[in-house]
Amino acid sequence: MRIFSGNANRPLAEAIAAAIGCRLGELTVGRFPDGEVKVQIMEDVRGADTFIIQPTTSNDFLMELLIIADCLRRASAKRITAVIPYFGYARQDRKHEGRVPITAKLVANLITTAGIDRVLTVDLHAEQIQGFFDIPVDHLSARPVILEYLRSLKLEDPVVASPDTGSIKLAERLAKALGARLAIIHKRRLSDNTTEVAHVIGEIGPRPCIICDDMITTAGSMVNAVNTARQFGATRVIPVATHGVLCGDAFDRLYAARLDELVITDTIPLKRRFADLPIRVLTLAPLLGEAVKRIHTNQSVSALFSDSKKV
């Protein structure tokens, strides 16, 4: 087994390698003077089972993934698995209006064409994206890690709220696992980064409220949901998301919201400026490490979610 990492999230890659009990492979990922990606593998990978750990949080990091995969394929690696904790371009999974692309399918095609044999990812924005690939996809959920933390808080009679209709299934699964109530905060989207809260379905207060989503990008939806939960009597509000994209006006919105706590995972490195906010970062390294070991040894990955003790 050989594990390699691009520049997108090397700390997570190192933690995954440590969880497995191996080292990261020697790989140089740099730039030519004109900005093109330059890759060189510094060790023999002929006939090896190789893994590339690289969230595709930007165009540069997507190109790094594709070029590393091509490099491994040309170096005669036996199998190449892309471990993509955060799959970028996942929002564009269908044509919601005329003359727009389905970019998630395009990226899936690029990954396959680059020579990648298998994909391991976490909490896709839309689960149907698994079907965009013509190669096997292992779709993990961060739910076991998030549940373990939420249970440690020992919240009394909590309610789990969905910040929009798109996250209802996620909130329902979390509420069922916690034995909690369920509420839905319905919103109207005014633009790509602006939303307006319409009304709440279900009862929120007076009790702790967990607001769950798959990602927080500009934090507009989440902050609206936090403010709505407070208006409806929540005694404590804990926003939870797998992917902390946190871009645009996210910092200003989260700072102004005066959060009790924001819970995310380390699929994406936390930007330095967010260190002063009350953000709890949960690591998925043990979960991803166990999944990598199971893929390497041809064991069931889905069994991880029937026996959380193995995580």
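The values are calculated or read from the model by the stated rules, or taken from the named source; none is laboratory data. Bear in mind that the values here come from a model prediction, so they are computed numbers and not experimental data. Virtual Cβ from ideal backbone geometry, glycine too; neighbours counted across all protein chains shown.
Does Ala250 satisfy the criteria of being more than 22 Å from Val160 (Cα to Cα) and in contact with a strand residue (DSSP E or B) (Cβ under 9 Å, 6 or more places away or on another chain)? Yes, satisfied. Scanning the range 73-88 for residues that are over 24 Å from the mean Cα position of the chain (by Cα), assigned to a loop (DSSP other than H, G, I, E, B) and not small (Gly, Ala, Ser) returns a single hit, Lys78. The criterion of at least 2 residues that are over 23 Å from Glu156 (Cβ atoms) and among the hydrophobic types (A, V, I, L, M, F, W, C) is met, among strands (runs of 3 or more DSSP E) falling completely within the range 212-283, by 279-282. If you filter the range 180-194 down to residues that are of a type in the set (Gly, Ala, Ser) and at pLDDT 95 or above, you find that the one that is nearest to Asp214 (Cα to Cα) is Ala183. Reported count of residues in the range 141-158, each being within 21 Å of Glu127 (Cβ to Cβ), hydrophobic (A, V, I, L, M, F, W, C) and buried (at least 18 other Cβ atoms within 10 Å of the Cβ), is 3. When residues in the range 260-300 are screened for being surrounded by 17 or more Cβ atoms within 10 Å (Cβ to Cβ) and at pLDDT below 95, 0 of them pass.
Yes/no matrix, rows are residues, columns are (1) touching a Gly at 6+ places or on another chain (Cβ under 9 Å); (2) hydroxyl-bearing (Ser, Thr, Tyr); (3) part of a loop (DSSP other than H, G, I, E, B):
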{"site": "Ile146", "(1), (2), (3)": "no, no, no"}
{"site": "Leu150", "(1), (2), (3)": "no, no, no"}
{"site": "Lys154", "(1), (2), (3)": "no, no, yes"}
{"site": "Asp157", "(1), (2), (3)": "no, no, yes"}
{"site": "Ala161", "(1), (2), (3)": "yes, no, no"}
{"site": "Gly166", "(1), (2), (3)": "no, no, no"}
{"site": "Lys169", "(1), (2), (3)": "no, no, no"}
{"site": "Glu172", "(1), (2), (3)": "no, no, no"}
{"site": "Lys176", "(1), (2), (3)": "no, no, no"}
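The residue that is surrounded by the most Cβ atoms within 10 Å (Cβ to Cβ), among those in the range 115-136 that are assigned to a helix (DSSP H, G or I) and under 15 Å from the mean Cα position of the chain (by Cα), is Ile129. The set of residues from the range 159-173 being of a type outside the set (Asp, Glu) and surrounded by fewer than 23 Cβ atoms within 10 Å (Cβ to Cβ) comprises Thr165, Gly166, Ser167, Ile168, Lys169, Leu170, Arg173.
For the range 46-64, taking the residues that are under 17 Å from Val292 (Cα atoms) and among the aliphatic types (A, V, I, L, M), the one that is surrounded by the fewest Cβ atoms within 10 Å (Cβ to Cβ) is identified as Ala48. Of the residues examined, Thr112 is not one that is polar (S, T, N, Q), surrounded by 19 or more Cβ atoms within 10 Å (Cβ to Cβ) and either under 21 Å from the mean Cα position of the chain (by Cα) or outside any helix (DSSP H, G or I) (or both). Against the conditions (1) in contact with a helix residue (DSSP H, G or I) (Cβ under 6 Å, 6 or more places away or on another chain); (2) more than 27 Å from Cys22 (Cα to Cα), Val137 satisfies every one except (2).
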